[in-house]
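Taking it in order: structure first as structure tokens, then the write-up.
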Amino acid sequence: MTKAKATDFDWPNIGFNYHDLPYSFHAEFKDGHWDEGHLTEDSTITMSEAANVLHYGQEAFEGLKAYRRKDGGVNLFRPDMNAKRMHKSAERLLMEPFPEDRFVQAVKEVVKANQDFVPPYGSGATLYVRPFLIGTGEVIGVHPANQFQFHILVTPVGPYYKGGMQPTAYVTSPYDRAAHGGTGQSKVSGNYASSLLPGSIAHEEGFSDVVYLDPRLHENIEELGGANFFGITKDGKFKTPKSPSILPSITKKSLLKLASDFGMEPEETTISIYDLDQFSEAGAMGTAAVISPVGSITHNGNKHVFYSETKVGPYTQKLYDRLSGIQDGDIKGPDGWQVDVPLD
Ligand SMILES: *Cc1c(COP(=O)(O)O)cnc(C)c1O
């Protein structure tokens, strides 16, 4: 495997692909405890053919980014929230969580070790950080592993929108992402395996992604592919679905807070696919794009257009500018949102 060099990259044009960087972080749980963990140049993982993850899917992951600031330093955005969420995902799949404080420390360590690959300020590119936890203990019968590996890979990713934000078209899916009482609240690979087919059908039909409806009634909006949904009502309320089977997005939690700072009343509530007229703007929220404006949603062949199919609405733009300004380190955010990575 050839390791990438920082000079290989044309930063604004790198797209969203995996690049093998010099260092990853790796730790193992065995005999009832986690080892120290260490940086490694080995970007492969070795495990038994009977590892739980290969058969019964004990896998949880996270996604966050390291942002280059104007002063040359590097920030993480609320990494403690990723640590906490991975802890919860691990508990749901009966995996041994990697301790939360060490999670944040390990993210800092691996970002620092690959600091030449944190793209320059202003390029729109960032260093994507992907921590994951797998059950590597051997199983044949269905039971949890007794050995685990926690690994962090990092790879640079380009700006989501090269020419600024663009609204896109979404379509409801006849498939469900997750059941109430299932693993919808956990960031686990199984949810994604089952989403590949609905996603691919939507792409073939010319849509950018899927709107999942609630698994019971197929009436209320759950989420959009790998992002949470919001709508802004005509009287300026910021609404986002409340459901036991959606993934609690950190971007959503942050936008709920910023919306209320802007005087928009935030509300987590049921949102019917038949009640989209209440909204003047809509969007998808997640680490990858921060906000993806939703231009339209097609349901049963009927297309509902929100603000515009080509232009970004004013509230969406304002929320995006504030949150991405905080993430890039240009605007001071609430306490604890901006975490410096010591580079020395
Ligand atoms: C990761 C993820 C999100 C977005 O969460 P963020 O913490 O905002 O990145 C939304 N939905 C699903 C299904 C996800 O896996």
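The values are calculated or read from the model by the stated rules, or taken from the named source; none is laboratory data. As the structure is a prediction and not an experimental result, all values here were calculated from the model. All Cβ positions, glycine included, derive from the backbone under ideal geometry; neighbour counts span all protein chains shown. SASA here: full protein model, heavy atoms, side chains in, ligands and nucleic acids out. Shrake-Rupley method; radii C 1.70, N 1.55, O 1.52, S 1.80 Å.
Test Ala27 against the criterion of being at negative phi and either without any contact (Cβ under 8 Å) to a residue 12 or more places away in the chain or within 15 Å of the ligand (Cβ to nearest atom) (or both), and give yes or no.
Numbers: at negative phi: yes; either without any contact (Cβ under 8 Å) to a residue 12 or more places away in the chain or within 15 Å of the ligand (Cβ to nearest atom) (or both): no.
No.
Tell me, yes or no, whether the range 143-156 has at least one residue that is in contact with a Leu (Cβ under 6 Å, 6 or more places away or on another chain), over 29 Å from Tyr56 (Cα atoms) and at pLDDT 95 or above.
Checked the range 143-156: at least one residue is in contact with a Leu (Cβ under 6 Å, 6 or more places away or on another chain), over 29 Å from Tyr56 (Cα atoms) and at pLDDT 95 or above.
Quick one: how many residues across the range 261-284 are within 16 Å of the ligand (Cβ to nearest atom) and open to solvent by less than 50 Å² (accessible area, probe 1.4 Å)?
First, pick out the residues of the range 261-284 that are within 16 Å of the ligand (Cβ to nearest atom): 266, 268, 271, 282-284.
Next, only the ones that are open to solvent by less than 50 Å² (accessible area, probe 1.4 Å) stay: 271, 282-284.
Counting residues in the range 261-284 that are within 16 Å of the ligand (Cβ to nearest atom) and open to solvent by less than 50 Å² (accessible area, probe 1.4 Å) gives 4.
Tell me which of these Thr287 doesn't satisfy, since it passes every other one: (1) away from the ligand (no atom under 16 Å from the Cβ); (2) in contact (Cβ under 8 Å) with a residue 40 or more places away in the chain; (3) among the polar types (S, T, N, Q).
Here Thr287 meets the rest and fails (1).
Give Ala193, Ala179 a once-over and let me know the one that is more than 28 Å from Asp335 (Cα to Cα) and modelled with pLDDT under 95. Lay out the reasoning, then the answer.
Working: Ala193 fails: modelled with pLDDT under 95.
Only one candidate qualifies: Ala179.
Any idea which residue in the range 298-344 is modelled with the lowest pLDDT, counting only those that are assigned to a loop (DSSP other than H, G, I, E, B) and among the acidic types (Asp, Glu)? Don't jump to the end; show me each part of the working.
Applying the first criterion (assigned to a loop (DSSP other than H, G, I, E, B)) to the range 298-344 yields 300-301, 306-313, 328-337, 341-344.
Of the ones still in play, those that are also among the acidic types (Asp, Glu) are 309, 328, 330, 335, 344.
Values: Glu309: 97, Asp328: 97, Asp330: 98, Asp335: 97, Asp344: 80.
Going through the qualifying residues, I end up with Asp344.
Might you check whether a residue that is away from the ligand (no atom under 16 Å from the Cβ) and at positive phi occurs anywhere in the range 75-83?
Within the range 75-83 (the criterion being away from the ligand (no atom under 16 Å from the Cβ) and at positive phi), the answer is no, since none of the residues qualifies.
Just the residues that are open to solvent by less than 80 Å² (accessible area, probe 1.4 Å) and under 10 Å from Gly283 (Cβ atoms), please, taken from the range 302-314.
Scanning the range 302-314 gives Phe306, Val312, Gly313.
Residues in the range 98-141 that are without any contact (Cβ under 8 Å) to a residue 60 or more places away in the chain, assigned to a helix (DSSP H, G or I) and closer than 26 Å to Gly163 by Cα: how many?
Qualifying residue count, the range 98-141: 0.
Tell me which residues, restricted to the range 155-182, are within 16 Å of the chain's Cα centre (by Cα) and of a type in the set (Val, Ile, Thr).
Thr155, Val157
Would you confirm whether or not the range 108-119 contains a residue that is in the same structural domain as Phe16 (by TED's automatic domain parsing), within 16 Å of the ligand (Cβ to nearest atom), buried (at least 17 other Cβ atoms within 10 Å of the Cβ) and not small (Gly, Ala, Ser)? Before the answer, list the steps.
So the first thing to find is which residues in the range 108-119 are in the same structural domain as Phe16 (by TED's automatic domain parsing), and the list is 108-119.
After this cut, where a residue has to be within 16 Å of the ligand (Cβ to nearest atom) as well, the list is none.
Within the range 108-119, none of the residues are in the same structural domain as Phe16 (by TED's automatic domain parsing), within 16 Å of the ligand (Cβ to nearest atom), buried (at least 17 other Cβ atoms within 10 Å of the Cβ) and not small (Gly, Ala, Ser).
Whether any residue in the range 178-194 is open to solvent by 30 Å² or more (accessible area, probe 1.4 Å), farther than 26 Å from Ala83 by Cα and not small (Gly, Ala, Ser) is what I want to check.
No, because not a single residue in the range 178-194 is open to solvent by 30 Å² or more (accessible area, probe 1.4 Å), farther than 26 Å from Ala83 by Cα and not small (Gly, Ala, Ser).
Name every residue in the range 54-69 that is more than 16 Å from the ligand (Cβ to nearest atom), part of a loop (DSSP other than H, G, I, E, B) and crowded, with 21+ Cβ neighbours inside 10 Å, in order of residue number.
Just the residues of the range 54-69 that are more than 16 Å from the ligand (Cβ to nearest atom), to begin with: 54-56, 58, 68-69.
In the following step, the residues that additionally are part of a loop (DSSP other than H, G, I, E, B) were identified as 56, 58, 69.
Selection gives Gln58 alone.
Given the criteria in contact with a strand residue (DSSP E or B) (Cβ under 9 Å, 6 or more places away or on another chain), open to solvent by less than 40 Å² (accessible area, probe 1.4 Å) and modelled with pLDDT under 95, does Gly15 qualify?
Working: in contact with a strand residue (DSSP E or B) (Cβ under 9 Å, 6 or more places away or on another chain): yes; open to solvent by less than 40 Å² (accessible area, probe 1.4 Å): yes; modelled with pLDDT under 95: yes.
Judged against the criteria, Gly15 is a match.
Pairs needed: first member in the range 1-17, assigned by TED's automatic domain parsing to the domain that holds Gly63; second member anywhere, hydroxyl-bearing (Ser, Thr, Tyr); C-beta distance under 6 Å; at least 6 residues apart or different chains.
Sorted first by the residue in the range 1-17, then by its partner, the pairs are Trp11/Ser123; Pro12/Ser123.
The rows are residues; the columns are (1) surrounded by 19 or more Cβ atoms within 10 Å (Cβ to Cβ); (2) over 21 Å from Ala178 (Cβ atoms); (3) more than 8 Å from the ligand (Cβ to nearest atom).
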position: Arg216; (1), (2), (3): no, no, yes
position: Glu222; (1), (2), (3): yes, no, yes
position: Ala227; (1), (2), (3): yes, no, no
position: Phe230; (1), (2), (3): yes, no, yes
position: Thr233; (1), (2), (3): no, yes, yes
position: Lys237; (1), (2), (3): no, yes, yes
position: Ser243; (1), (2), (3): yes, no, yes
position: Leu247; (1), (2), (3): yes, no, no
position: Ala259; (1), (2), (3): yes, yes, yes
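Show the residue pairs that are 6+ apart or on different chains and have beta-carbon atoms under 8 Å apart, the first residue being within the range 155-168 and under 15 Å from Thr310 (Cα atoms), the second being in a loop (DSSP other than H, G, I, E, B) and of a type in the set (D, E, K, R).
Here the result reads Pro167/Glu309; Pro167/Lys311, each pair linking the range 155-168 to a residue that is in a loop (DSSP other than H, G, I, E, B) and of a type in the set (D, E, K, R).
Scan the range 70-94 residue by residue and report those that are buried (at least 21 other Cβ atoms within 10 Å of the Cβ) and either without any contact (Cβ under 8 Å) to a residue 24 or more places away in the chain or touching a Leu at 6+ places or on another chain (Cβ under 7 Å) (or both).
Val74, Leu76, Phe77, Pro79, Asn82, Ala83, Met86, Ala90, listed by residue number.
Would the range 197-210 turn up any residue that is touching a residue at least 40 places away in the same chain (Cβ under 8 Å) and open to solvent by less than 20 Å² (accessible area, probe 1.4 Å)?
Taking the range 197-210 first, the residues touching a residue at least 40 places away in the same chain (Cβ under 8 Å) are 207-210.
Okay, now just the ones that are also open to solvent by less than 20 Å² (accessible area, probe 1.4 Å), so 210.
For the range 197-210, residues touching a residue at least 40 places away in the same chain (Cβ under 8 Å) and open to solvent by less than 20 Å² (accessible area, probe 1.4 Å): present.
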